[in-house]
Amino acid sequence: MEIGGCPLPEDRLYDLENDVWWQEEVGTGDAVLGVLGTLGAFAGRFVELTFRPVEGRLGRGRSLATVESLRFTGAIRVPVDATVVARNPEVVRRPRLLNDAPYTDGWVARLRPERPDEPSRTLETAGAIAGRLEEQIRRRRIRCWPRTPELELVEIGLECSAVLYKLNDELARRAPGDAVLLVTDDPTSPIEMVRWSDQTGHPVLAHRAEGSLHQFLVAKEANPVPRRRGV
C-alpha cells in the first residue's frame, strides 16, 4: 500500500501515535519493531540512534531508544508490554538505515510480548491507519523519496542552464551515492533534466510536480557513464 506517495507495508501492525511498526515472527513468539518511513521523511537524515541501557521488560509506551537528525530528536517507544530480545547494531553504526530501509534492514529491535494477544488487540493494520496517516502526511508536509536527500537545492527564478550549473557544482562536492533534491520553477526543467542525466550519467531517481514547482531527486554516481555527449 502507498499513502500520499509513502510506502505502508500491509504485512505488519502499527502504532501511529508513536510512529512504530510491529511484525510478528512466525513460530518464535517474538516480533520485530521499527519506525515508520514517514518519520524519516519528516525528520530528515538520521545521524544517531542510542539505545537506552535497559534489559528485560519494558512497559507499553516506554522508550527503547532515542533517534536524532539535524532537526529532530525523538524516542522510539515500545507499543506493548514486552521483553527486549535483541537490538539491531547496524542502526547504531548506520542510523541512515532508518531512512533508507525502514521496513527491512533498518529494524530497531526484536521483542517478546508479555501477552501474545495484546498486539493484535491494541495495534492497528495498515488499512486502519491509512486515513489518519494521509492527514499526517498533509499536515506535516511530508514528502517521501526513494533515497533521503543530503541537501535540498532550491533555485527559483533562474533559467535551467544556471540551475544545472549549480547542481553540477554541488554534486562535485558530494560523495558517491549522495542524493540532492533540486527544486525549480523552470517550466522546461522536466525535459532539461532528462537531457542532463543523459549527458552526465547521474540518474534522476524521482520527479514530482506541485503547482509551478518541479522537484527532482538526483544521485551522484561513483563512475557515471554518459548516455550521450553534451551539446
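Values computed for the structure shown
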| item | result |
| --- | --- |
| Selection from segment 21-37 of residues that are buried (at least 23 other Cβ atoms within 10 Å of the Cβ) and of a type in the set (Val, Ile, Thr) | 35 |
| Given (1) crowded, with 17+ Cβ neighbours inside 10 Å; (2) within 25 Å of residue 146 (Cα to Cα); (3) not hydrophobic (A, V, I, L, M, F, W, C), index of the condition residue 77 fails | (2) |
| Of residues in segment 203-225 being assigned to a loop (DSSP other than H, G, I, E, B) and over 21 Å from the mean Cα position of the chain (by Cα), the one nearest to residue 154 (Cα to Cα) | 212 |
| Sole residue being over 28 Å from residue 219 (Cα atoms) and of a type in the set (Asp, Glu), chosen from 114, 90 | 114 |
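Conditions tested, residue by residue: (1) surrounded by 13 or more Cβ atoms within 10 Å (Cβ to Cβ); (2) closer than 18 Å to residue 12 by Cα; (3) in the same structural domain as residue 7 (by TED's automatic domain parsing); (4) without any contact (Cβ under 8 Å) to a residue 12 or more places away in the chain.
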{"residue": "51", "(1), (2), (3), (4)": "yes, no, yes, no"}
{"residue": "63", "(1), (2), (3), (4)": "yes, no, yes, no"}
{"residue": "67", "(1), (2), (3), (4)": "yes, no, yes, no"}
{"residue": "84", "(1), (2), (3), (4)": "yes, no, yes, no"}
{"residue": "88", "(1), (2), (3), (4)": "yes, no, yes, no"}
{"residue": "93", "(1), (2), (3), (4)": "no, no, yes, yes"}
{"residue": "100", "(1), (2), (3), (4)": "yes, no, yes, no"}
{"residue": "108", "(1), (2), (3), (4)": "yes, yes, yes, no"}
{"residue": "133", "(1), (2), (3), (4)": "yes, yes, yes, no"}
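The values are calculated or read from the model by the stated rules, or taken from the named source; none is laboratory data. On a predicted model such as this, the values are computed, not experimentally measured, just so you know. We place every Cβ from the backbone using ideal geometry, glycine too, and count neighbours over all the protein chains shown.
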